[in-house]
Amino acid sequence: MTVHEREGMPGNEDAVATSEHGTAPARREAGDPFPDPGLHEHQPRPTDVDERAGKRAERQIATMFVLSALCTLLFCVAYFVFQVGDDPDVIMGFGASNLALGLTLGLALLLIGIGTIQWARKLMSDVEIVEMRHPTASSETDRAETLQALDAGVSDSGIGRRPLVRNSLIGALALLGLPAIVALRDLGPLPGNKLAVTVWRRGMRVVNDVAGTPIRPEEVEIGQLINTQPEILFETEDGERTYEGTELLQAKTKASTIVVRMQPDDITPSAGRANWGVDGILCYSKICTHVGCPISLWEQQTHHLLCPCHQSTFDLADNGKVVFGPAARALPQLPLMVDDEGYLVAQSDFTEPVGPSYWERGDA
Amino acid sequence: MRLISARLSAKRRSPLAGLVVLLLGLLVTGGLYAVLSPATAQTSQASQSTVEKGRALFLVGCASCHGKNGEGIVTKRGTQYGPPLVGVGAAAVDFQVGTGRMPMARPGAQAEKKEVVYTPEEISAMAAFVASLGPGPAIPEREAYDTSDVDNESVVRGGEFFRTNCTACHNFAAVGGALPGGKYAPSLDGVSNKHIYEALLTGPQQMPVFSNGVLKPSEKRDIIAYLNSVKEQPKYGGSNLGSYGPVAEGLFAWLVGIGSCVGFAIWIASSSVRSKKGVKA
Amino acid sequence: MSTATTNGKQAARTAKPNRLAGAATWVDDRVGLAGVAKKQVRKVFPDHWSFMLGEIALWSFVVLLLTGTFLTLWFKPSMGEVVYNGSYDQLRGVSMSEAYASTLHISFDVRGGLLMRQIHHWSAMLFIAAMFVHMMRVYFTGAFRKPREVNWVIGCLLLLLGSLEGFTGYSLPDDLLSGTGLRAADGFTKAVPVVGTYVSFFLFDGEFPGDAVIPRFFTMHVLLIPGVLLALIGLHMLLLVYHKHTQWPGPGRTEHNVVGYPMMPVYAAKAGGFFFIVFGVSALMGALFSINPVWRYGPYDPSQVTAGSQPDWYMGWPDGALRIFPGWETELFGFTLSWNIFLPIIVLPGLMFTILLMLPFIEAWIVGDKRDHHLLQRPRNAPTRTATMVALMTFIGLLWAAGGNDIIALKFDLNLNYITYFIRVMVFVGPVIAFLLTRRWCISLQRADQARLLHGYESGIIMRSPEGAYAEKHLPISTEEAYTLTARDRHHEKPLPSEADQNGVANRKLRMSRLRTRLSNRWFSGEVEKPTREELDAAHEHSAHELAVHEDGHQHLSSGDYSGDYELDGQTADGHQFDGRRAIEGDELRKS
């Protein structure tokens, strides 16, 4: 036996490898308790010794295979029998097609599996077999030969003797990494200052989302929450929406807002924000400053706004300050005023970037 | 006792005298109680108007927290005990009492939906009384929340309103969601059309108000129509697992999926029955 | 000897010419694989249920390939806007992406489409769950030790890639829930210092959501990641075939053999059958349980969200870390560092993955064991290793719970904020407690094994001595079990390395090797070592002596463990002395 094979035999610690600790090689442990009793003698199963039991097992297994085939056929029938589409078939409140197809397919597969396993357990030979392992590492001669071959190859190439060739090749190959990176430049545009601006402008009306209807302050009650958008997102020109498809979604990702109304006495605006509300009506960004989920869990009595994604909580009576959760920045506020027709409009765009923070955001 | 029995002729006093005095005392006490006790839910005087009737019920069941005239009660420390009901409107009463949330069984973060204590007539009486305290949203007419002949386009629109305004708190299948501090947005399962409408209109507890000026009555009706249509639709893919989303799905994947696969694996590798007969040559 | 032997008793027969042989000859003439095949056909695999956990993952992957291919025939990976006009009434007329519309088409207008979607998603969950369970089995039994460390590394990569595959996959339908997840992912990339915004703009081809991310994810999900997965799975299996499977210690099993059943026919049948079972379970789940009902979520809109927004379960623990993290952010010279996102989402998963990857190498460094290991260890026989994994599981498990904190608050009527506070503390305290508890538990189990070896097993027969003491009779365990219980290494406390060796040469890496030795001693401290032959004999003698009837007729029958046969009043003491089953002379009272 090689050194490798001798190592690690249980009950035979005389070949424990020395470790880097420099301890003395271990000697044979005094009196290891039990020698290997060898493989357990094979005990026959009823199907091994009893012809009838064997036949019964055969029938059992064959039945499962036949049932599986039946289920497969039922699958094909169910496919054409049960309708989907405008008028789907329903069984016991469930979609009939999905239920029938799934049950028949599942049973068909399961029965093949169970039948095959039963075959292995009951009828196939279950006598344990021993196979010897080979050492994982290759033999010393193989290793030596390989190293020799490698050496021969390397010296034949002359790479060791010609450093100029070698180094210039390495340099050229390394440089090839650049095109792989550079060629990906057009994956997307540069950020620029796109993250710091939205479509909100001075005088743009605040409209109810989905409906697109503008809002009068008198219609807003204390405790109300309105999910709003800038009216430009509902604008149409010759029947075509100004913003649609991808641009619409990109605009909504920053411009979505909420309008809430509280008792004016409850609001404590910070410096310069005293005129950002209209009679206790405030407008805030709907986009959480944590990672950008839209927030509209408004608790009208506590004035807290909860984001459902990671539970950041903002106090809208206190300039959108974070009161709980992983968000770090207060919710940006949109300054409001009333236009000459009496509708709520924005005074300007947001005065800080909306949504999640990013490296270049700074202290805006 | 001796003195009394000494003054009264022992012979004239019947052996039952003590019993009679006891019964008399009970009758008097009971009678006084019946006459003087506050009106229970069962007492009704047909000659009173609905508002008066409502007021009487209000004084019994609501005034201890909301004040005798619905002006609200503030505790010594300045916290709100029961909020003022001036201006909440009949719709709020119909919702709160009609879903059993009021009278609140005990103070807490949120009034829970529980068994309804009052009959519909009593609820309308109390609603009328509260409405008389100050103008507020009225109980909606049947047409406002009747969704029986709403077309598909309105149902689709209702869905869009639902996903914009409601799912953030109540979840995509309206099974409810958590709010801070132990509060929650309840499940809408089993809630009547009228109550959903009234909740939108009045903004109960932490729920915001969706006034008719902004979310029009037809839009409210469309939302209710969408909810009803989704409730009636077949379970296309099988059991909904509570409609809680990926958390429930992950739980089932582990318990049912891995559980059954591991169960099968244990069966596959188990040794089968052994025979007592000898080894076959 | 490297070919398999058989214990079969049938005489070998000459092969009759048959079609199979003909076909095999044709192939071998051109490919010459018989030399390799001859060893593999009857290759021996050991039989234990815990060895089949990796198979669940393997077969789930096959199911994913099959169902996934079906889905690609109808799915349109495009974010171009369309107006829905299919059969799902509640969304008719709504503007949505083609990806979402085609998913609705598959679910409602393609027969079997919804079933295939659901089987695909359920088996994706199973795939990753099975990898977790398999990884834990491999770790707890020490199967990652030399020579299988490379396989462990491949396995960790498979787990990572599988999770990414799942994430790109469930984002493809572009529904509200997965879109919200994508939006969060965009927030994560933006939080990366210096390059964050550039990565975000390059990934989404502009501002979120753009119109490129779904087609790009489609390519990743259908081509790039499955390609790498296939290659790694192939390598994983190849190494398994080369190393041969590990096995539990037991009679006849050594470090130099494999005992089990041959590939043909038993293992082919069991593994093949298990494939059908895993497929069948996935199909039944697809039939009965709804998963990812995208029609209820609606198409993705950045101004909409649902309560209970979570990623699929395997991403739950980073989400949990994100939820409980405090809102820390700093500004430096006009630049923003979002620690509250960067640390839990970028740093923590990277750290956890690295730790996972390095576990075999860390243990090998501490323990200093350079031998090949093909015999497994019971978890109780490696208390520190087991405790380490349990501590890691506790950490990850708590983060998972944090990821579902709003569902927990809703279903169990708890305060959402308090759950967050609680987990913030427990995430540090919990793993420590779990480590200590598990370690002591393993050592207690080792003591139980020791008691079995020294005193035998509890037979359930309670004896009462004439003096009134109760004792339970113990019977010796079988030699097979005794061998199995002692087929493990002994560990000795190593002395600290000296400053200089015997020749006075200073030890240059003294502090490191001292640390290593101390760690190694701590690793094994407290373990109950298997008894020596002398200790066993002493234990048997002791009990025999105690039970023996002395010349003056008395016995020491104090309460305790007893094993072996002994006598009482000259009768065999087997529990039936006093119940009338055996007549006792001169004892009239007991004859009834």
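The values are calculated or read from the model by the stated rules, or taken from the named source; none is laboratory data. What you are looking at is a predicted structure, and each value in this text was computed from that prediction instead of being measured. Methodologically, a virtual Cβ is constructed for each residue, glycine included, from the backbone with ideal geometry; neighbour enumeration extends over all protein chains shown.
General observations
- Filtering C:Gly308, C:Gly298 for residues that are within 11 Å of chain B (Cβ to nearest Cβ), buried (at least 24 other Cβ atoms within 10 Å of the Cβ) and modelled with pLDDT under 95 leaves a single hit, C:Gly308.
- Filter pass, B:Leu227 being under 20 Å from the mean Cα position of the chain (by Cα) and at pLDDT 95 or above: yes
- Looking across the range C:390-430, the residues that are among the aliphatic types (A, V, I, L, M), in contact with a helix residue (DSSP H, G or I) (Cβ under 8 Å, 6 or more places away or on another chain) and within 14 Å of chain B (Cβ to nearest Cβ) come down to C:Met393, C:Ile396, C:Leu399, C:Ala401, C:Ala402, C:Ile407, C:Ile408, C:Ala409, C:Leu414, C:Leu416, C:Ile419.
- Looking only at residues of the range A:175-217 that are among the small types (Gly, Ala, Ser) and part of a loop (DSSP other than H, G, I, E, B), we find that the one that is farthest from B:Arg157 (Cα to Cα) is A:Ala183.
- Residue satisfying condition, being closer than 24 Å to A:Cys293 by Cα, among the hydrophobic types (A, V, I, L, M, F, W, C) and in contact with a His (Cβ under 6 Å, 6 or more places away or on another chain), within set B:Ala178, B:Ala185: B:Ala185
- Verdict on B:Asn165 being surrounded by fewer than 22 Cβ atoms within 10 Å (Cβ to Cβ) and within 30 Å of A:Pro217 (Cα to Cα): no
- Meets criteria (within 14 Å of another protein chain (Cβ to nearest Cβ), in contact with a helix residue (DSSP H, G or I) (Cβ under 9 Å, 6 or more places away or on another chain) and under 18 Å from C:His121 (Cα atoms)) for C:Pro173: yes
- Just one of (1) surrounded by fewer than 22 Cβ atoms within 10 Å (Cβ to Cβ); (2) assigned to a helix (DSSP H, G or I) fails for C:Ser123. It is (1).
- Qualifying residues in the range C:482-526 (those that are closer than 28 Å to C:Arg452 by Cα and surrounded by fewer than 18 Cβ atoms within 10 Å (Cβ to Cβ)) - the one farthest from the other protein chains (Cβ to nearest Cβ): C:Gly526
- Selection within the range C:349-389: residues that are within 22 Å of A:Thr136 (Cβ to Cβ), more than 16 Å from the chain's Cα centre (by Cα) and not hydrophobic (A, V, I, L, M, F, W, C). The member of this set that is farthest from the other protein chains (Cβ to nearest Cβ) is C:Glu363.
- Any hit, the range A:282-304, residues being in contact with a His (Cβ under 8 Å, 6 or more places away or on another chain), surrounded by fewer than 23 Cβ atoms within 10 Å (Cβ to Cβ) and free of Cβ contacts under 8 Å to residues at least 40 places away in the same chain: no
- Check on C:Arg488, part of a loop (DSSP other than H, G, I, E, B) and either closer than 29 Å to C:Arg253 by Cβ or without any contact (Cβ under 8 Å) to a residue 40 or more places away in the chain (or both): yes
- For the range B:93-127, the tally of residues that are part of a loop (DSSP other than H, G, I, E, B) and hydrophobic (A, V, I, L, M, F, W, C) stands at 7.
- Some residue of the range C:465-475 being among the charged types (D, E, K, R) and free of Cβ contacts under 8 Å to residues at least 60 places away in the same chain: no
- Members of the range C:86-99 found to be farther than 22 Å from B:Lys231 by Cα and either away from chain A (no Cβ under 12 Å) or in contact (Cβ under 8 Å) with a residue 24 or more places away in the chain (or both), listed by number: C:Ser95, C:Met96, C:Ser97, C:Ala99
- Single residue of B:Gln48, B:Gln42, B:Gln80 found to be within 30 Å of B:Asn212 (Cα to Cα), at pLDDT below 90, loosely packed, with under 15 Cβ neighbours inside 10 Å and among the polar types (S, T, N, Q): B:Gln80
- The single condition among (1) surrounded by 15 or more Cβ atoms within 10 Å (Cβ to Cβ); (2) more than 7 Å from chain C (Cβ to nearest Cβ) that A:Ile91 does not meet is (1).
- Selection count, the range A:307-364, where residues are touching a Pro at 6+ places or on another chain (Cβ under 7 Å), in contact (Cβ under 8 Å) with a residue 40 or more places away in the chain and hydroxyl-bearing (Ser, Thr, Tyr): 2
- Of the residues C:Phe395, C:Phe428, C:Phe435, the single one that is in contact (Cβ under 8 Å) with a residue 24 or more places away in the chain, out of contact with any Ser or Thr (no Cβ under 9 Å at 6 or more places or on another chain) and more than 26 Å from B:Ala168 (Cα to Cα) is C:Phe395.
- The lone exception for A:Asp156 - which of (1) modelled with pLDDT of 90 or more; (2) surrounded by 10 or more Cβ atoms within 10 Å (Cβ to Cβ); (3) of a type in the set (Asp, Glu) it fails: (2)
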